[in-house]
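Input: a single structure, listed below in structure tokens.
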Amino acid sequence: FIEQVSVNTRRILFLMIPISVFMIAFRAQIVRLVLGSGSFDWEDTILTAEALGYFTISLFAQGLIPLLTRAFYALQNTRTPVLISLLAVALNIGAAFGLAPTMGVAGLALAFSLSSIVNLIFLVVILKYRLGDLEEKKILLSTLKISVASLGGLVCIQLAKYLLASLVNMQTFFGVLIQFLGAGSLGILVYLLVSLALGSEEIKDWQKRFANK
């Protein structure tokens with residue numbers, strides 16, 4: 001049971017950490033591609049991108065909360081996740097009232113992310129108290145490798161963004177799309193290559209899955 005929780009935690013982090021990093025790097029491009037038309041001006045784009053960035057920092061927590069909640073269910077404990085969820089909701093509301101007056105909509109996004117991270121922390125702490133061992137060393141080592149690989153992909157994305165911005169018209173939809181796809185593809189490739197070079201167990205797992213297909 002502990003091994004399954006650990007393995008799936010690392011698999012989720014392998015996807016969520018780079019997605020979070022890349023979404024933060026591309027937050028303005030994502031908003032411009034999805035909403036940047038009609039009366040949606042540049043100021044609206046900046047405000048929306050800022051809110052998206054704050055939402056994105058808790059993606060890893062949002063990905064892990066359902067897994068750990070189901071771990072409690074498997075242990076026939078449904079009360080603890082509910083109580084923690086109610087605490088997180090209360091924190092979300094309190095933080096929203098505290099942050100929104102100074103940060104606006106971005107404050108609501110940040111409040112949501114903070115409550116999600118706190119929710120995750122409580123689930124992890126209580127689950128560890130219940131089980132004693134969650135293979136933390138494996139998870140921390142994988143997280144370190146994933147973070148290094150994500151950082152490598154981020155650096156390449158930023159360089160590619162500036163290069164492509166000088167080659168295309170960034171005032172058009174297709175210019176932004178080309179920058180997004182080009183820099184994003186390079187970032188993903190670098191992330192996978194660095195993960196492979198670091199001996200990431202998660203990428204080896206994906207290789208086995210594709211080989212079996």
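The values are calculated or read from the model by the stated rules, or taken from the named source; none is laboratory data. The shown structure was predicted, so the numbers you read here are calculated from the model rather than taken from an experiment. Please note: Cβ atoms are built from the backbone with ideal geometry, for glycine as well, and neighbour counts cover all protein chains shown. The accessibility values were calculated without ligands, DNA or RNA, using every heavy atom of the protein model including side chains. Shrake-Rupley method; radii C 1.70, N 1.55, O 1.52, S 1.80 Å.
Residues that are open to solvent by 70 Å² or more (accessible area, probe 1.4 Å) and within 30 Å of Lys138 (Cα to Cα) within segment 12-45 comprise Leu15, Ile19, listed in sequence order. Among the residues of segment 86-105, the ones that are small (Gly, Ala, Ser) and either in contact (Cβ under 8 Å) with a residue 24 or more places away in the chain or open to solvent by 90 Å² or more (accessible area, probe 1.4 Å) (or both) come to 2 in all. Checking each residue in segment 166-182 for being at pLDDT 90 or above, surrounded by fewer than 15 Cβ atoms within 10 Å (Cβ to Cβ) and touching a helix residue (DSSP H, G or I) at 6+ places or on another chain (Cβ under 8 Å) picks out only Leu177.
A single entry from Leu64, Leu59, Leu47 fulfils the requirement of being touching a residue at least 24 places away in the same chain (Cβ under 8 Å), out of contact with any strand residue (DSSP E or B) (no Cβ under 8 Å at 6 or more places or on another chain) and closer than 23 Å to Val155 by Cβ: Leu59.
If you check Ala28, Ala51, Ala61 for being closer than 17 Å to Ala109 by Cβ and modelled with pLDDT under 90, only one passes: Ala28. Within segment 140-184, the set of residues being without any contact (Cβ under 8 Å) to a residue 24 or more places away in the chain and closer than 15 Å to Met23 by Cβ comprises just one member, Leu181.
For segment 94-114, does any single residue satisfy the condition of being modelled with pLDDT of 95 or more and β-branched (Val, Ile, Thr)? So far as segment 94-114 goes, no, none of its residues is modelled with pLDDT of 95 or more and β-branched (Val, Ile, Thr). All of Leu193, Leu108, Leu186 fail the test of being open to solvent by 40 Å² or more (accessible area, probe 1.4 Å), touching a Cys at 6+ places or on another chain (Cβ under 6 Å) and not hydroxyl-bearing (Ser, Thr, Tyr), apart from Leu186.
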